[in-house]
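The values are calculated or read from the model by the stated rules, or taken from the named source; none is laboratory data. Keep in mind it's a predicted model, so treat the numbers as computed, not measured. Please note: Cβ atoms are built from the backbone with ideal geometry, for glycine as well, and neighbour counts cover all protein chains shown.
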Amino acid sequence: MKKSRVQMRNRFAQILVYSIIITSLLALGLLTRGTRPVNAQIPTGSIATVTGTPLGVMATVKAGLNEATVNVRSGPHALYYPKIGVLMEGQTVPALGRSSGSDWILVSYAGVPSGQGWVFSKYVDLSPGNLPVVQPPSSPTPEVTQTIDPTLAAQFIITAAPTRLPTFTPPPPLTVPTFAASGSGQVLSGVPMGLVILVLFSVGILLGIFSFIQRR
């Protein structure tokens, strides 16, 4: 019984000593952390100053066009250069230059490898400023040259067989009859025509008188 009491006292004394040691270490750590000086780093380099830069001439797609977008081409011509993209109505992009006749405007266009494109000048409004004249790029060469298959083309070629026309035979020459001109007062068999008429008229009168007398 005495032995168990002594052991309990010894354990209690050990626990108490350990508790005091742990509490002392914790208190010492808190004191040293609170009194440790903080060495703040002072910057030695210069701080960059942000300043605004002028945007230059800007091109804005006009409103009220027939279409909601305008074409962006690789060069200043609608036939010789292909379409590489579009700009929306009201969209604003930096203008980089113009063609020699000021018909086309070179703008910044991020959708292509060159980062540039050409827009027809009548479709955009430009902010105040001067644009340099930019030489157009060389016209693109088609990758594939179109050729016509002669065998396929021969199927659509129709050759008409020649038709022999009948031989033309000229008609016989036309013979025009000729008549001798006759006029009044011409002598028929040596006797004047007036005399013949007068004789016939006299004979007729005599025959009439003779027939009238016989009837009486």
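Observations on the model:
- Scanning the range 58-93 for residues that are aromatic (Phe, Trp, Tyr) and over 16 Å from Ser114 (Cβ atoms) yields a single hit, Tyr80.
- Looking only at the range 57-93, residues that are of a type outside the set (A, V, I, L, M, F, W, C), closer than 23 Å to Ser138 by Cα and either in contact (Cβ under 8 Å) with a residue 24 or more places away in the chain or surrounded by 16 or more Cβ atoms within 10 Å (Cβ to Cβ) (or both) come to 10 in all.
- Of all residues making up the range 106-117, the number that are closer than 15 Å to Thr69 by Cβ and part of a strand (DSSP E or B): 2
- Taken as a whole, the condition of being modelled with pLDDT of 75 or more and either under 22 Å from the mean Cα position of the chain (by Cα) or surrounded by 11 or more Cβ atoms within 10 Å (Cβ to Cβ) (or both) does not apply to Gln146.
- The residues in the range 183-216 that are modelled with pLDDT of 65 or more and among the polar types (S, T, N, Q) can be counted, and the count is 3.
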